[in-house]
Amino acid sequence: MVNSESEEKSIGKLLIKKSKQCLILLYLNSVSYKRLANQTKKDYLFFIKVFMGDKDIKISSLDTPKVQKFYNSCAEKRGVPTANHVKAVMSRIFNFGISIGECSSNPFTNIERISHRSRKEVWTKDHLKSFLDVAYSRFAWRSVGLIVQMAYTWCQRLTDMSNLKWENYNLDTGVLKLEQSKRRARVELPTPKHLHEMLVNQHGDVGFDGQPYIAPKIYYGRILSKPYDKLLLGSVSKKIKKEAGLPDSLWIMDMR
């Protein structure tokens, strides 16, 4: 289970420090937000952070032209999927504000949204092999390679694989026990020999006391006891694809 309490406090302090964006604070303390799944909460916090960026803005000053300018810039710098997710989260927050009388309109309602272009290229086994060969060639990229391999092998979401802990995996039986973040379904998945061998090796290298994650973040050669977030996972995977000579249009989120 992902605990987003510290993340909420962090954003709350940032909001108070940067400007009086009380609408976001109200939403983070609302029943609507509290009832979300833990992983969904974490995703919402991430997209709120993207929207806030380095700007010192006031929610009350936002209008459709300003929001459209932000959306276009976000789509260009971070990609259309991220821009659309930010729009959806912030739109929900403004609708919440309208429902409690905190604001009278939603500036995100009428902005021109860019459609997600359909992916014409799909991963082949050769693509995956090239990606993993490069990822496993460097210790700094090994966890990202393992996240992708686990998502592909077990047909699971990347976020669930990023947050896997050793307590979820039985090294003796090779069975993964997982509560899926989106559906809340509990599954038990067997593991093919090649992935099990990778996990055994990984446990020997990073499974020391106090380090709970199967694929922890590796930063400048240091193993950190925290998972990869979406932004860093995406940026590292782009570097791996580039070195492997793979098309940038291949998305690791399509692994499952």
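Rounded to the nearest 20, the size of the Cβ-charge dipole of region 24-155 about its Cα centre is 220 debye, with Lys and Arg at +1 and Asp and Glu at -1. Within the accessible surface of the chain, defined with a 1.4 Å probe on protein heavy atoms only, the carbon and sulfur portion equals 50 percent. Between helix 125-135 and the chain there is an angle of about 90 degrees, using the helix long axis and the longest principal axis of the Cα atoms. Over region 108-256, the fraction of Cα-Cα pairs per 10 Å bin, rounded to whole percents and listed from the shortest bin up, is 10, 40, 34, 12, 3, 0. Annotation: per residue accessible area for region 158-256 equals 58 Å², rounded to a whole number [probe 1.4 Å, protein chains only]. When 85, 203 are compared by accessible surface with a 1.4 Å probe, the order from highest to lowest is 85, 203. Placing a pseudo-label 7 Å from each Cα along the Cα-to-Cβ vector at residue 26 and residue 211 gives an inter-label distance of 4.6 nm.
Angle of helix 5-18 to the longest C-alpha principal axis of the chain, folded into 0 to 90 degrees and rounded to 10: 40°. Counting only alpha carbon atoms, the long axis of helix 193-206 and the longest principal axis of the chain meet at about 70°. Qualifying trypsin sites (Lys or Arg not before Pro) in region 124-207, where qualification requires a DSSP coil assignment and no more than 10 other C-beta atoms within 10 Å, comprise 183, 184.
Say the cut-off is 29 Å between C-alpha atoms; which of 77/217; 177/217; 182/238; 125/230; 34/58; 77/241 go over it? Beyond 29 Å between Cα atoms: no listed pair. Across the chain, the volume of the C-alpha convex hull divided among the residues equals 140 Å³ per residue. Each part reduced to its alpha carbon centroid, region 152-184 and region 28-88 end up 28 Å apart. For residue 60, the accessible surface of its heavy atoms amounts to roughly 110 Å² (probe 1.4 Å, protein chains only, rounded to the nearest 10). Note on exposure: 160, 209, 133, 229 ranked by accessible area (1.4 Å probe, complete protein assembly) read 209, 133, 229, 160, with the most exposed listed first. Each Cα pair under 8 Å and six or more residues apart adds its sequence gap; the mean of these over the residue count of the chain is a relative contact order of 17 percent.
The values are calculated or read from the model by the stated rules, or taken from the named source; none is laboratory data. Note that this is a predicted model, so its numbers are computed, not measured. For neighbour counting, all protein chains shown are included, and Cβ atoms are generated from backbone atoms with ideal geometry for every residue, glycine included. Note: accessible area is taken over every heavy atom of the protein model, side chains too, but ligands, DNA and RNA are not part of it. Shrake-Rupley method; radii C 1.70, N 1.55, O 1.52, S 1.80 Å.
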